[in-house]
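**Q** I am attaching a structure below and will ask some questions about it afterwards.
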Amino acid sequence: MTDLDQRIISTLRERAEGQVDIGQLTSGAVTRGRARRTRRRAAVGGTALGVVAVLGLGVAGGGGLPVEVPWTGAKPAAQAATPAVAPGVPGALARPDLVGKDPGLLHFGFDPAHARYLSWRSAAGLESAQLDLGGSAPVSFYLARSAAVAEEVHLEGARYVPAPADRPYDGQLIRLSLDVEGKDPIWELRWQPLPGLFARLRTEAPTDAALQAARSALRLDEAHRCTTPMRLTAWPAGAWSAGCEVTVADLPTALDVSLIVNGRGDRSMEVRLQYPHSIVGDRQEANATAGGRPVYVYPLGEKMELLDVPNAQVTAGWGRPNEGFTAEDAATVLAGVQVAQHLDRPATW
């Protein structure tokens, strides 16, 4: 740890019961500069980023987590849903080699007393979550076995790879300014809890307070299931489960679940559940069946809807960006879909 690191950490600890003035901490400690960067999708990293400050906060031993700072800010709203504990499954610190290998598992957790899950995801080697920690914006967390995968973002089955950036996983807190009037800066923290394991925290907010709270609440010594109220029990030949994403930010009024099915030859299908009934509207009349269950095949022939699930819409899509499967394959999957009776009660999932 450098002398600069020690001074910053000491200041943070001394001011833990009050507001931390980031400007005061960085003044004189780093050279201010601005580097124009190419505009990317907001989900991937922001717009015309300029690096303003890098704070050397160090990395603590015995678990590879950055130095913890007490969280004295507002706590998140009441819990909506939490991924269920996976008994007997080791966390990332015990078995980093398992991270990203099973779409049904998350090899991390967050202290529920300080963080509320807005979503969780496991797919394509990446485990992630979005969290409410009482701040003005959510905090995103990413965990993978390579830096390249840890930088990826997945939305509704699609994969976005950000432009290359020289941002090492060295435990340094980075503040990035958005060259857009009225936009808050982006705060990012990248580190390696263990060799070959890459972790990233990111938020867009006036200060880094929520990000600091997230790193204190993070637990890499536990594992959870990618809990979902929908199960797939039937599979096309040569197919397997490849992804799980659950968005619970608006529970109990709304819920969005995406399960990805892959197959040989780069085949892919997204099975999606959307709740509540208000998004269903007037249902189409069945024009086909799936294992005796009524379904509606959309005119373009790339999507099929299961019609016997009350208060929710369940669909299987095999059109772009998911390709290669057929209507017969979708019917096989939808015939075996099981949905929890109470979608607004996570304890029943």
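**Q** From zero up to wherever the largest Cα-Cα distance of the stretch 194-250 sits, split into 10 Å bins and tell me the percent of pairs in each.
**A** Bins of 10 Å from zero give 13, 31, 33, 17, 5, 0 percent of pairs.
**Q** While we're looking at this one, here's another question. With each label point set 7 Å from Cα along the Cα-Cβ vector, what nm distance links D221 and A113?
**A** Placing both labels 7 Å beyond Cα along the Cβ direction yields 1.5 nm.
**Q** Now, a different point. Going by average Cβ density within 10 Å per residue, which order do the peptides 120-128, 101-109 take, highest to lowest? Before the final figure, lay out each step's value.
**A** Values: 120-128: 23.4, 101-109: 21.4.
Final packing ranking: 120-128, 101-109.
**Q** Turning to a different aspect of this structure: Just the projected area, averaged over all directions, of the convex hull on the alpha carbon atoms of the stretch 191-349: how many nm²? Display every interim value, and only then the final one.
**A** On the way: hull surface 49.8 nm².
So the Cα hull casts an average projection of 12.4 nm².
**Q** Restricting attention to the alpha-carbon atoms of the stretch 86-238, what are Rg (one decimal) and Dmax (integer), both in Å?
**A** In Å, with Rg to one decimal and Dmax whole: 15.8, 53.
**Q** So for each of 265-273, 285-293 I average, over its residues, the number of other beta carbons within 10 Å; can you give me the resulting order with the highest mean first?
**A** Details: 265-273: 19.1, 285-293: 13.9.
Descending mean neighbour count gives 265-273, 285-293.
**Q** Which sequence of I260, I186 reflects their accessible areas, 1.4 Å probe, from the largest down?
**A** Putting I260, I186 in descending order of accessible area: I260, I186.
**Q** Shifting gears a bit: If you count, for each residue, the other Cβ atoms within 10 Å and average over each peptide, how do 206-214, 129-137, 321-329 line up from highest to lowest? Spell out each step's value before the answer.
**A** On the way: 206-214: 24.3, 129-137: 20.3, 321-329: 16.0.
Ranked by mean Cβ neighbours within 10 Å, highest first: 206-214, 129-137, 321-329.
**Q** Same structure, new question: With the other protein chains left in place, how much accessible area per residue, in square angstrom, belongs to the stretch 194-349 at a 1.4 angstrom probe? Don't skip to the answer; put the middle values down first.
**A** Details: 6890 Å² over 156 residues.
On a per-residue basis, 44 Å².
**Q** If you don't mind, another one. Can you quote the Å³ per residue value for the convex hull of the Cα atoms in the stretch 279-349, rounded to an integer?
**A** Values: hull volume 7.6 nm³, N = 71.
In the stretch 279-349, the Cα hull volume divided by residue count equals 107 Å³.
**Q** Kindly state, to the nearest 0.05, the FRET efficiency for S278 paired with R231, given R0 = 30 Å and r defined as their beta-carbon distance.
**A** Working: r = 24 Å, r/R0 = 0.80.
Calculated value: 0.80.
**Q** Summarise the accessible area of the stretch 216-349 (1.4 Å probe, protein heavy atoms) by the percent that is carbon and sulfur. Could you put the intermediate results ahead of the total?
**A** Numbers: 2900 of 6340 Å².
Within the stretch 216-349, the accessible surface is 46 percent carbon and sulfur.
**Q** So if each residue of separation counts as 0.36 nm, and I subtract the Cα-Cα distance between A254 and A288, what length gain in nm does that give? List each step's numbers first, then the result.
**A** Values: separation 34, 0.36 × 34 = 12.24 nm, distance 2.81 nm.
Result for the pair: 9.4 nm of gain on full extension.
The values are calculated or read from the model by the stated rules, or taken from the named source; none is laboratory data. The structure displayed is predicted, hence computed values, not measured ones. Counting neighbours? That spans all protein chains shown, and the Cβs are built from the backbone with ideal geometry, glycine included. Note: areas computed on protein heavy atoms with side chains; ligands, DNA, RNA excluded. Shrake-Rupley method; radii C 1.70, N 1.55, O 1.52, S 1.80 Å.
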